[in-house]
Structures are given as C-alpha cells and as structure tokens.
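Taking it in order: structure first as structure tokens, then the write-up.
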Amino acid sequence: MGILKNILTAVRGGASEVGESIVDANAVRILGQEIRDAEDAIGKAKQSLTGLKASEIKLKREINSLESDIGSYETKAVQALEAGNEALAVEVAERIADIESEAAEKGAEHSALSAQVNKINSMIRQREKVIQKNGRELEKIKTVEQLQKATSSMSTNFAATNASEHRVSKALERVKKKQANWEDRMEAGEWMEGEAGSDDLDRKLKDAGIGANASSGASTVLERLKKKSGQ
Amino acid sequence: MSLNELAFKLNAHLTAEDTRFDAVLAESGVLEVICSNNEEFPINIVKTDTQLLAITPLFNVNEVKSDKVDELNEELLLISPAIPLSSIGRQGDSYILFGAMALDTLFENIVHELEVQAENTVDVLQVIEPLLL
C-alpha cells in the first residue's frame, strides 16, 4: 500500500503544523536506509560484474579460437585420409577430440559465467526498482511537508481574519471590482483609439474636399453678402 | 531554476494578457506570488526534489457553513476535473487549489500555470461562495 496510507493517518490525526512529522520518522529512516543499501549493493555488483564480464569475453574468445582449430584440424585430417595416411589422420583425430573436450569444458564455464552475469544484472535492476520506489515514497512525504509549509502562513492569516465574516465574499468582491475597473479602462482606451481614428478620417475627408463645411470662412461669408446686395 | 531566480524573472515579466507578478521569497523558503489578475489570493510556490508546487490557500473549513461541509466537498469533487491545470485539495483545515509542475518546466509555462491558477481561484470561489460564511 505504500506510504500514502501512513500520510492519510497522519494528516487525519492532525499532523498539519509545520515541523510535525508527517509519518513516523522511523519509516522515513527505513526508506532512506533501503535506498542507501540498494545503492551500495549496486555499486558492489557493478564492480564484480566488470570482472565477470571480462572473464566471459576472454572465455568466448578462447572457445572461438578452439573452434577455429577444430575446423583447421578437420581439414587436415581429411587431407591425410585423401593422401592414404591413415595413421596421421588418426593422430589428427585424437588432437581434434582433445580440443573438442577442452572447448566443451570452456563452453560449460562460459554458460555458468553468462548465467551469473545475467543474475547480477537482474539483481541490479531489482535494486534500482527499490531505489525508484522508495524515492517516490519519500517524494510523497516531501510533497506533503512542502504543502504544509506553503499553506501554514496563509492558515495563520485565515485565523487572524476569521473575526471578519464573509472574508472570501469580500475578497471576491474586491477582485471583481478591480477586474471591472480594468475592463472600464480597456473600454476607455478603445474609445479613445476610436475617437482618434474618426478624427483622422474627418481630416482626410476635409483634405479631399468631402463633407467640409462649405459655409465657413470669411471669404465664403463675403461672397454670400455680395450676392445678397446684388453686386 | 531556483525559487529566487524564478522570483526575479516573475517580477520582471508582463504576460500577453497584461498580468504582472509580485513575487517575494519568504524566509520559510516559500515563494509568495501575487498575480495582478487576482491580488486577493496569492499563490505560494514550493519545491521538492522533483516538482514545483503552486498552492493557493482558499479558505479554512471553519469558514464553511457548518451544515454545508458535505455539500461543499461534493461540489469541489464535481468541479475539480473541469478546472484547467489546477486541482482542489485539503491541507489540514485549509482548502487549497494547486498545480504541480516538473522542475524543468519552461518559465513561459510556469507563468501560464500561475495566470490560469489565479483565474481558477476566482472561478471556484464564485461557485462555492453560497456555502461559505
């Protein structure tokens, strides 16, 4: 089930203040110790693995060399038989048998070594799993500890302000008011931009002689007066 | 990025939605961040070995109408999946809104998370306000 059950029990039990242990300190120590043990074991396993792997490679090379010798002697034995030298062929066959026996011995040794290497590799993987699993468990504890730290200062504030009722409602009201102010300012900004845009349009129209007030200006007035007096 | 560096970057940042941040690293090691889109409910940021936790304490259980605690818990469970990037939980007697980020989260994404969390806070509180004192 892991540490989560312990955490639940602890927080239910009221371990909500900073500094209070979330779970039994002993449990944390055990998790930490298991991680360190697993790390040590992995370190040692990797060291012996290096030696074993080297022996395994060396054996494999020797086996390959013996197999190559067998192949070579077999060819020679056939050649001796073809040459009618039965005695020599028997001698070569005996040599082949010796080499085969040596190769078989080394092969068995190699298999045993390979099995040991696989066993150590699988042990390392298991230990790594322990480290990861315990690491995640410890992370849960640390997360709750940090959450407590982050919440505690505000909890104190809650307590201090609890005298004033509707704390949340009042705070929400202030947020909404600020948002409304901000929206008003945005709207005002857009209106100003719109106005600036329309001024610009009026000026362009006037420059183009469109929509300009034809009755403005002294010269226009004088023209009108002249027409009126019949001049 | 350390919380100190994060504070420095947040204080110099203005988001595309015109949100500013006022970030102060408290002695307790908690980074207290006030977002300009919701100055009433600060976000507290803490760090573990693998995560950055952004927590907004919402209210204390004793601020809930005594006969409405079950209803409130149910409402919070129901709305929690619909809240983008944030989750609701309870830490001791405090109800909290929180988000968790990996330690290698890009600064832009942290900013986005904080901005959204500040908005989410208002949204959530508006929903459950009738159940509070």
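The values are calculated or read from the model by the stated rules, or taken from the named source; none is laboratory data. Keep in mind the model is a prediction, meaning the values are calculated, not measured. Counting neighbours? That spans all protein chains shown, and the Cβs are built from the backbone with ideal geometry, glycine included. For accessibility, only protein heavy atoms count, side chains too; no ligands or nucleic acids. Shrake-Rupley method; radii C 1.70, N 1.55, O 1.52, S 1.80 Å.
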Which one of the conditions (1) more than 9 Å from chain A (Cβ to nearest Cβ); (2) within 16 Å of B:Ala23 (Cα to Cα); (3) without any contact (Cβ under 8 Å) to a residue 40 or more places away in the chain does B:Glu113 fail to meet, given that it meets all the rest? (3)
Can you pull out every residue in segment B:56-66 that is open to solvent by 20 Å² or more (accessible area, probe 1.4 Å) and either under 18 Å from B:Leu85 (Cβ atoms) or touching a Pro at 6+ places or on another chain (Cβ under 9 Å) (or both)? B:Lys65
Suppose the filter is farther than 23 Å from A:Glu139 by Cβ and in a loop (DSSP other than H, G, I, E, B); does B:Ala7 pass it? no
Can you confirm whether B:Asn44 is surrounded by fewer than 17 Cβ atoms within 10 Å (Cβ to Cβ), within 8 Å of chain A (Cβ to nearest Cβ) and not charged (D, E, K, R)? no
Within segment A:70-90, which residues are surrounded by 14 or more Cβ atoms within 10 Å (Cβ to Cβ), of a type outside the set (Val, Ile, Thr) and within 30 Å of A:Ala115 (Cβ to Cβ)? none
Would you point out the residue of segment A:100-123, among those that are under 44 Å from the mean Cα position of the chain (by Cα) and of a type in the set (Ser, Thr, Tyr), that is nearest to A:Glu67 (Cα to Cα)? A:Ser111
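Table: residues versus (1) surrounded by fewer than 13 Cβ atoms within 10 Å (Cβ to Cβ); (2) of a type in the set (S, T, N, Q); (3) touching a Phe, Trp or Tyr at 6+ places or on another chain (Cβ under 7 Å); (4) not in a helix (DSSP H, G or I).
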residue: A:Glu56; (1), (2), (3), (4): no, no, no, no
residue: A:Glu62; (1), (2), (3), (4): no, no, no, no
residue: A:Ser68; (1), (2), (3), (4): yes, yes, no, no
residue: A:Val92; (1), (2), (3), (4): no, no, yes, no
residue: A:Ala97; (1), (2), (3), (4): yes, no, no, no
residue: A:Ser101; (1), (2), (3), (4): yes, yes, no, no
residue: A:Ala104; (1), (2), (3), (4): yes, no, no, no
residue: A:Ala108; (1), (2), (3), (4): yes, no, no, no
Considering B:Leu3, B:Leu25, B:Leu14, B:Leu53, which residue is touching a Gly at 6+ places or on another chain (Cβ under 9 Å) and open to solvent by 10 Å² or more (accessible area, probe 1.4 Å)? B:Leu3
Matching residues, segment B:67-108, being part of a helix (DSSP H, G or I) and either within 14 Å of chain A (Cβ to nearest Cβ) or surrounded by 14 or more Cβ atoms within 10 Å (Cβ to Cβ) (or both): B:Lys68, B:Glu71, B:Leu72, B:Asn73, B:Glu75, B:Leu76, B:Ile79, B:Ser80
